[in-house]
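Each reported figure results from applying straightforward, stated rules to the coordinates on display, with no laboratory input. On a predicted model such as this, the values are computed, not experimentally measured, just so you know. We place every Cβ from the backbone using ideal geometry, glycine too, and count neighbours over all the protein chains shown.
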Amino acid sequence: MLIAASFYASLMPAKSLPNVGVSDKFEHTFAYAFLALWFAGLYPRSRYVVIGGALFVMGVSIEIAQGAMHLGRQADYKDVIANTLGILVGLALAALWLGGWAERIDGWARGREAPKSPK
């Protein structure tokens, strides 16, 4: 659902976009950091490169689609840079401690101790 929502929000007509009062590049960085952290919480550390690569390809694909659709959106290489920065931040935070969050939450919910670090 997060991926579908990301595509929808990224490809909806420009006039339909809400103004959230922050830089477009900050929005890109935050969104991709969130996505990277989300998936790093669900998959082991050995999959982080795949997660990063898939999110990068998704971001580039969205920019290409924005450039082709003529609905007030345009492709911007700076968005790809912001997306990439977000992916790197998200995966760095995951590598430091936040990765494997889903397994820790499951452990807490079941009343048992989860592993100390992501696999």
Going by the structure shown, is L2 of a type outside the set (S, T, Y) and surrounded by 13 or more Cβ atoms within 10 Å (Cβ to Cβ)? no
Can you find a residue in the stretch 63-80 that is of a type in the set (A, V, I, L, M, F, W, C) and buried (at least 16 other Cβ atoms within 10 Å of the Cβ)? yes
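Yes/no matrix, rows are residues, columns are (1) of a type outside the set (A, V, I, L, M); (2) touching a residue at least 40 places away in the same chain (Cβ under 8 Å):
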residue: A36; (1), (2): no, yes
residue: Y43; (1), (2): yes, no
residue: Y48; (1), (2): yes, yes
residue: G53; (1), (2): yes, no
residue: V60; (1), (2): no, no
residue: E63; (1), (2): yes, no
residue: W101; (1), (2): yes, yes
Can you tell which of V80, V20, V60 is β-branched (V, I, T) and either outside any helix (DSSP H, G or I) or touching a strand residue (DSSP E or B) at 6+ places or on another chain (Cβ under 9 Å) (or both)? V20
